[in-house]
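**Q** I am attaching a structure below and will ask some questions about it afterwards.
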Amino acid sequence: MQKFNSLRSKPDIVISAQDHLRLSNLVVVQRHRFPDAAFALQAELDRARIVTTAPRDAVQMGSTVEFRSDVAPQKPLTLVFPQDADIAAARISVLTPIGAALIGLSPGQSIHWETRDGIVRELTVVRVEPPAAQAIAKPSYPFATTASHRSM
């Protein structure tokens, strides 16, 4: 079991300004309740290239993504906010190690991520379906419009 903390070996990621704001707010709200997950998500947000509109094939909130991994079968999963997560319905929270690792990736990109028990794994994105229009226009969480806070 090796620890993995190098940003140099992580791929470039792209996040929309809207998702960046919503996820930054999520980190602020959840950093005391889920400090490790919030820290991992903040690290991804800090290294992301922020754009007005993300490419359709970049994993965003509400995207359905299929990836290869040594810990999960290859099947489509939808990246969601914590209150919408339901693994039985293939909806994974962005506030999990694998959810934070997926944000901003595109098909063909691979990333190392660390499980909650400290094991380093790798995943490779195979396919991304953009979020449904209603998921983008109508977020289902209470802090969608609050100001972004960069401190942790």
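The values are calculated or read from the model by the stated rules, or taken from the named source; none is laboratory data. Not measured: the values here are computed from a predicted model. Note: ideal-geometry Cβ built from the backbone for every residue, glycine included; neighbour counts use all protein chains shown.
**Q** Pairs please, first residue from region 113-124 and over 16 Å from P35 (Cα atoms), second anywhere and surrounded by fewer than 14 Cβ atoms within 10 Å (Cβ to Cβ) and among the hydroxyl-bearing types (S, T, Y), Cβ atoms under 9 Å, 6+ apart in sequence or on different chains.
**A** So the pair list comes out as R121/T115.
**Q** Condition test on D57, is it acidic (D, E) and in a loop (DSSP other than H, G, I, E, B)?
**A** Working: acidic (D, E): yes; in a loop (DSSP other than H, G, I, E, B): yes.
Here the answer is yes, as D57 does meet what is asked.
**Q** Considering only residues of region 63-79 that are surrounded by fewer than 17 Cβ atoms within 10 Å (Cβ to Cβ) and assigned to a loop (DSSP other than H, G, I, E, B), which is modelled with the lowest pLDDT?
**A** A72
**Q** Touching a Ser or Thr at 6+ places or on another chain (Cβ under 9 Å) and over 16 Å from V128 (Cβ atoms) - does that describe any residue in region 58-67? Show your work before the answer.
**A** Keep residues of region 58-67 that are touching a Ser or Thr at 6+ places or on another chain (Cβ under 9 Å), which gives 58-65, 67.
Checking which are over 16 Å from V128 (Cβ atoms) leaves us with none.
No - not one qualifying residue is present in region 58-67.
Matching residues to (1) of a type in the set (K, R); (2) touching a residue at least 40 places away in the same chain (Cβ under 8 Å); (3) over 16 Å from L102 (Cβ atoms):
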| site | (1), (2), (3) |
| --- | --- |
| V14 | no, yes, no |
| A17 | no, no, yes |
| R22 | yes, yes, no |
| V28 | no, yes, yes |
| P35 | no, no, yes |
| L41 | no, yes, no |
| E44 | no, yes, no |
| R47 | yes, yes, no |
| T52 | no, no, yes |
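**Q** Just to verify a result, which residue in region 17-49, among those that are touching a strand residue (DSSP E or B) at 6+ places or on another chain (Cβ under 6 Å) and outside any helix (DSSP H, G or I), is surrounded by the most Cβ atoms within 10 Å (Cβ to Cβ)? If you could, list the steps in order and put the result at the bottom.
**A** Quick first cut of region 17-49, residues touching a strand residue (DSSP E or B) at 6+ places or on another chain (Cβ under 6 Å) only: 17, 20, 48-49.
If we keep only those that are outside any helix (DSSP H, G or I) as well, we get 48-49.
Values: A48: 20, R49: 12.
Filtering region 17-49 for residues that are touching a strand residue (DSSP E or B) at 6+ places or on another chain (Cβ under 6 Å) and outside any helix (DSSP H, G or I), the one surrounded by the most Cβ atoms within 10 Å (Cβ to Cβ) comes out as A48.
**Q** Within region 80-87, does at least one residue satisfy the condition of being surrounded by fewer than 20 Cβ atoms within 10 Å (Cβ to Cβ), outside any loop (DSSP other than H, G, I, E, B), over 14 Å from the mean Cα position of the chain (by Cα) and free of Cβ contacts under 8 Å to residues at least 24 places away in the same chain?
**A** yes
**Q** Considering only region 101-113, how many residues are surrounded by fewer than 20 Cβ atoms within 10 Å (Cβ to Cβ) and either part of a strand (DSSP E or B) or among the basic types (K, R) (or both)?
**A** Residues meeting the conditions: 2.
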